[in-house]
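*Asks:* One structure follows; several queries about it will come next.
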């Protein structure tokens, strides 16, 4: 099998539309990590993503009869643009099925390349199922985004360029993983031509389909995936890609949203490019690898896989960057409610920068404060926490509390003595007209919404926090309602941040 792929990579037809992207030194990141950091700039492709390589290679190898039938794919982003451009260059009619939640900017980008766009479902899985049915009904040729040998071979040309562009041996290469096409193609070439180079995949913690599948020994399907790094939000990896990863991938590192945001900033500071969250996974994983291993003096390469970032998402990225770098610590602190207590609290913090301070009177005995503190590293955050504990204050670290970072920091002061039997949930709603109406309609006025918070992050799905009054004898009926709603949700009723600031 490897011989087939090696030959397919060597003879891949990608450069009719794709270009050989530069391998650039990241001097600031190199200095900070004490290793030589190289960035493979796939964000500089004509469609700002590596996906063009595999899509074009597959389409270019179609027979004349297949070209006459036309092609179809399902994608919300980079694969769609790669297929659209490739089909335009080759004069083939393309149909792209995209979720109804796809931002207009991506829909228009695909349509400008001459492809026909069909909107179906709220997620990639819905769109893919529709595309599969449409493909069979109209006898089209399906162009898979990752689980196809010719697509895999097209992505493998990145590894061929990588080895040709660096005169020295690479100690490790960090590759983003969605469905697995990129790391499969690169691993085949690297393991043959540079067997001592470690191949390390990187996935978000909430979209770890390949990581979990490799641990299980077989492909598994995630019930749901995170929406921040939407370019790699895949519930089930490919059959071909999984088999290759089993044999050739050395390790997979999982990173969280804050670490991804910090990596986006790192890349921007070195070359002034803004990559999408999935495009920053390689750098995020590399930084975690260096922290864990203590690596020094190694040559490390990361694949900047894409730059299709919606501008409005930068607000969210900026908010989370300091947390990802370990340069901001968040705490919920209970202090005495008396004159001078805030001053005493600030003296405990010392000369450090207070990045956020939220408070509202809730009793005459105690005040609950939501505070952000600028720190140099996670160890200093622990020092701050210990100093507050030593002063006799009650402290809860919110470093890993997603509810606190996403919602509570914007809502402190929401206690109400009028609320009874309140349950709290985080939901993900499709960003489309009628989603909230559907949520309320299905409730049929049975339960009162006692709290509601929403912030638009310019993604396919919006994040909603809702408090709902549900008497104990109606909890079973309410659970049935939630299960029938069809939206992903997480109950937060016992979350300590909620209990301090909202309950």
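What follows is calculated from the coordinates using simple rules that are stated; it is not laboratory data. Just so it is clear, the model here is predicted, and its values are computed rather than measured. FYI the Cβ positions are ideal-geometry reconstructions off the backbone, even for glycines, and counts take in every protein chain you see.
*Asks:* Relative to the first principal axis of the alpha-carbon coordinates of the chain, what is the inclination of helix 239-248, with its axis defined by its Cα atoms, in degrees from 0 to 90 and to the nearest 10?
*Replies:* In the chain, helix 239-248 runs at an angle near 80 degrees to the longest axis.
*Asks:* With angles folded into 0 to 90 degrees, how steeply does helix 475-485 sit against the dominant principal axis of the chain? Use alpha carbons for both and round to 10.
*Replies:* 30 degrees
*Asks:* Could you order the peptides 490-503, 140-153, 77-90 from most to least packed, using the average number of other C-beta atoms within 10 Å per residue?
*Replies:* In descending order of packing, they fall as 77-90, 140-153, 490-503.
*Asks:* Based on a Kirkwood Rh over C-alpha pairs, give the Stokes-Einstein translational diffusion coefficient of the stretch 356-409 at 37 °C and viscosity 0.692 mPa s in µm²/s.
*Replies:* 262 µm²/s
*Asks:* If you don't mind, there's one more thing I want to ask. Ratio to report: Rg/Rh of the stretch 138-201, with Cα atoms as the point set and Rh obtained by the Kirkwood method; give two decimals. Write down the numbers at each step before the final one.
*Replies:* Values: Rg = 13.4 Å, Rh = 12.4 Å.
On the Cα set of the stretch 138-201, Rg over Rh gives 1.08.
*Asks:* So, one more: How would 447, 189 line up from fewest to most surrounding beta-carbon atoms within 10 angstrom? All intermediate terms of the calculation are to be shown ahead of the outcome.
*Replies:* Details: 447 17, 189 25.
With the sparsest Cβ surroundings first, the list reads 447, 189.
*Asks:* A further question on this structure: Please report, in Å, the Rg and the Dmax of the stretch 256-309, where both are computed over Cα atoms only.
*Replies:* Cα-based Rg and Dmax for the stretch 256-309 come out at 11.0, 33 Å.
*Asks:* What translational D, rounded to a whole number of µm²/s, comes out for the chain from Stokes-Einstein when the hydrodynamic radius is the Kirkwood one over Cα pairs, at 10 °C and 1.306 mPa s?
*Replies:* Taking Rh from Cα pairs, D becomes 65 µm²/s.
*Asks:* Kindly state, to the nearest 0.05, the FRET efficiency for residue 291 paired with residue 223, given R0 = 22 Å and r defined as their beta-carbon distance. Provide the component values of the computation, followed by the final result.
*Replies:* On the way: r = 30 Å, r/R0 = 1.37.
After rounding to 0.05, the efficiency reads 0.15.
*Asks:* For helix 78-90, report the angle its Cα long axis makes with the longest principal axis of the Cα atoms of the chain; keep it between 0 and 90° and round to the nearest 10°.
*Replies:* 20 degrees
*Asks:* Pulled fully out, how much extra length does the chain show between residue 346 and residue 475, if you take 0.36 nm times their separation in residues and subtract their Cα-Cα distance?
*Replies:* Details: separation 129, 0.36 × 129 = 46.44 nm, distance 4.35 nm.
Full extension of this stretch gives 42.1 nm more.
*Asks:* Sorted from fewest to most neighbouring beta carbons within 10 Å, what does the list 135, 346 look like? Show your work: numbers first, answer last.
*Replies:* Details: 135 21, 346 13.
Taking fewest neighbouring Cβ atoms as first place, the list is 346, 135.
*Asks:* Here is a further query. Taking the number of other C-beta atoms within 10 Å as the exposure measure, put 257, 355 in order starting with the fewest. Intermediate values should be presented prior to the final figure.
*Replies:* On the way: 257 23, 355 16.
Ordered from fewest to most neighbouring Cβ atoms within 10 Å, 257, 355 come out as 355, 257.
*Asks:* Using just the C-alpha positions of the stretch 52-142 as equal point scatterers, what log10 of I(q)/I(0) does the Debye formula give at each q in 0.15 1/Å?
*Replies:* -0.48
*Asks:* Would you please calculate the Kirkwood hydrodynamic radius of the stretch 117-268 over all C-alpha pairs and express it in Å, rounded to one decimal? Spell out each step's value before the answer.
*Replies:* Values: mean 1/r = 0.0605 Å⁻¹.
Mean inverse Cα-Cα distance, inverted, gives 16.5 Å.
*Asks:* Taking Cα centroids, how far is the stretch 114-165 from the stretch 209-242 in Å?
*Replies:* 16 Å
*Asks:* When the distances between all Cα atoms of the stretch 326-400 are binned every 5 Å from zero, what whole-number percent does each bin get?
*Replies:* Result, from short to long distances: 3, 16, 31, 28, 14, 6, 2, 0 percent.
*Asks:* So what is the relative contact order for the chain, in percent, with contacts set as C-alpha pairs under 8 Å and at least six apart?
*Replies:* Working: 1014 pairs, mean separation 63.4, N = 503.
The value is 13 percent.
*Asks:* Antiparallel versus total DSSP beta bridges in the chain: what percent is that, nearest 5?
*Replies:* The antiparallel fraction comes to roughly 60 percent.
*Asks:* Which value in nm describes the separation of the simple spin-label points at residue 490 and residue 419, placed 7 Å from the Cα toward the beta carbon?
*Replies:* About 1.8 nm, to one decimal.
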